[in-house]
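Down below is the structure, laid out as structure tokens.
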Amino acid sequence: MTEQKVDLIIIGGGPAGLAAAVAAWDAGCRDMLIIERDDRLGGILQQCIHNGFGLHIFHEELTGPEYAHRYINQVYERGIPFQCGSMVVDVTADRLVTVVSARHGLQQFRAGAVILGMGCRERPRGALAIPGTNCAGIMTTGTAQRLVNLEGLVPGRRIVILGSGDIGLIMARRMTCVGAEVLACVEIMPFSSGLTRNVVQCLNDYNIPLLLQHTVVEIHGRERLTGVTLAAVDPETRQPIGETQQYIECDTLLLSVGLIPENELSRSAGVAVSPVTQGPQVDQHLRTSVPGVFACGNVLHVHDLVDEVSEEAARAGQAAVAWLNRTARSVVSDKLEKSPVLVRDGQGVRGIVPQQMTRPVLQDKIHLSFRPDAVYKQATIRVEADGTEVFRQKRLIMTPGEMAVLDLPVNRFSVDTVTELRVHVGVKES
Ligand SMILES: Cc1cc2nc3c(=O)[nH]c(=O)nc-3n(C[C@H](O)[C@H](O)[C@H](O)COP(=O)(O)OP(=O)(O)OC[C@H]3O[C@@H](n4cnc5c(N)ncnc54)[C@H](O)[C@@H]3O)c2cc1C
């Protein structure tokens, strides 16, 4: 098999891959290829037929497919090459990308730069270890969404949803709209892990109960699910409280218990992965620890809003082109610097991205994103540079279900000498 040389390979034709490709093209790259395993471009947005996408970038409320098509059209207009129905099965540290497809068989591309945009997948039942039978009627909310929205099938009539992330909330409303009865949305934490607007529009507006600090402790049914046992959990230990158990008759249990960035390829390339975000560790240019490999979108960290995915991916596309055009005097060096500014999670903060800043830092502001570890009302975000507070900002409310973003002005600290930035969130309410 001959290796094909290409300047830029983009893995994944979802919102991240599409926006990265458009930005890279606009920055001057003409030799690139988007590789997508699905039969069409658009990623998870193809099945998200509800509206609420694009408010930030297009100032319009679009459905998922409409939002995706705005970017797919930009790809067509520019003539950016893409290959669907093609699965990337391996990426090496020297950027040899191996692809399998029915149409082309096995292909290998030697890429100047690679952008990882593989998105994330849902945590399955096996990851939960709920006692009970292995009967039909238990599936992830994403699978149910695909069945209902793309295949026209209704997977059940009496539904319990475990987990209150955005997909679970949206599917509670969707299942109600297709005639099913959603009996409860059950959440082990004391707060929903979804956006507040989704709790209001998808549960409250449809009188669907949200049972906080509850979980499913047993699954019943032989061939098909017949019911689940729920119980309240101890707020400290999160262990079920026996005497609170209640049986609910239902035929379907939808699982919305978290998303896992798809980083098998990143790992095979030797990319360092954060144990907190479960995505690659990156610098402010979205560069991973492997030279010439960049990451953006849900493969990097799970986003709530696709607009943020597109913006982040555009930065990755531009940075990849800067890296391809690097010269001996370029600010985008071959490897990550040995002594960067480390960016750390402080009190109340989980999963800050980027995890480091490479010098020289030429931007006026550094875009940071993270999640608070609990609900904070009248919250304060504080940034310390080597232990000294350099930035403070108030927020009315912060919740783990909503990613916090912060554009940190770089003139607040001495970027040439500082070794560590630490971001904290304070005033915990619940
Ligand atoms: C149910 C649901 C509801 C949502 N609702 C909203 C909303 O209301 N508003 C909003 O702004 N956002 C919403 N989002 C979030 C938004 O859809 C995501 O943030 C966005 O789709 C992430 O884009 P991505 O490109 O990183 O990942 P994806 O959209 O998952 O795209 C990744 C692509 O990579 C491909 N891929 C993966 N591995 C390989 C491989 N090895 N080889 C080739 N291709 C590969 C996949 O097939 C996929 O097409 C929602 C998400 C979901 C799941």
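What the table below lists for this structure:
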item: Members of the stretch 275-286 that are more than 16 Å from the ligand (Cβ to nearest atom) and open to solvent by 10 Å² or more (accessible area, probe 1.4 Å); result: PRO275, VAL276, GLN281, GLN284, HIS285
item: Qualifying position, being among the aliphatic types (A, V, I, L, M) and under 23 Å from VAL282 (Cβ atoms), among LEU55, LEU128, LEU116, LEU106; result: LEU116
item: Some residue of the stretch 89-97 being open to solvent by less than 30 Å² (accessible area, probe 1.4 Å) and closer than 21 Å to ARG174 by Cα; result: no
item: Members of the stretch 230-251 found to be in a loop (DSSP other than H, G, I, E, B) and over 23 Å from CYS135 (Cα atoms), listed by number; result: ASP234, PRO235, GLU236, THR237, ARG238, GLN239, ILE241
item: Test result for GLY142, assigned to a helix (DSSP H, G or I) and either closer than 26 Å to ILE219 by Cα or not assigned by TED's automatic domain parsing to the domain that holds ILE35 (or both); result: yes
item: Subset of the stretch 357-378 [closer than 20 Å to VAL302 by Cβ, open to solvent by less than 40 Å² (accessible area, probe 1.4 Å) and outside any loop (DSSP other than H, G, I, E, B)]; result: LEU368, SER369, PHE370, PRO372, TYR376
item: Hits in the stretch 98-134 - residues which are more than 9 Å from the ligand (Cβ to nearest atom), open to solvent by 70 Å² or more (accessible area, probe 1.4 Å) and part of a strand (DSSP E or B); result: LEU106
item: Single condition HIS56 does not satisfy, out of (1) at pLDDT below 95; (2) over 30 Å from VAL217 (Cα atoms); (3) away from the ligand (no atom under 13 Å from the Cβ); result: (3)
item: Residue in the stretch 256-264 that is out of contact with any Lys or Arg (no Cβ under 8 Å at 6 or more places or on another chain), open to solvent by 40 Å² or more (accessible area, probe 1.4 Å) and within 10 Å of the ligand (Cβ to nearest atom) present; result: yes
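Yes/no per residue for (1) within 14 Å of VAL114 (Cα to Cα); (2) assigned to a strand (DSSP E or B):
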position	(1), (2)
LEU253	no, yes
LEU265	yes, no
ASP283	no, no
VAL302	no, no
GLU312	no, no
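The values are calculated or read from the model by the stated rules, or taken from the named source; none is laboratory data. No experiment lies behind these values; they were computed from the predicted model shown. No Cβ is skipped: glycine too gets one built from the backbone with ideal geometry, and neighbour counts run over all protein chains shown. Note: areas computed on protein heavy atoms with side chains; ligands, DNA, RNA excluded. Shrake-Rupley method; radii C 1.70, N 1.55, O 1.52, S 1.80 Å.
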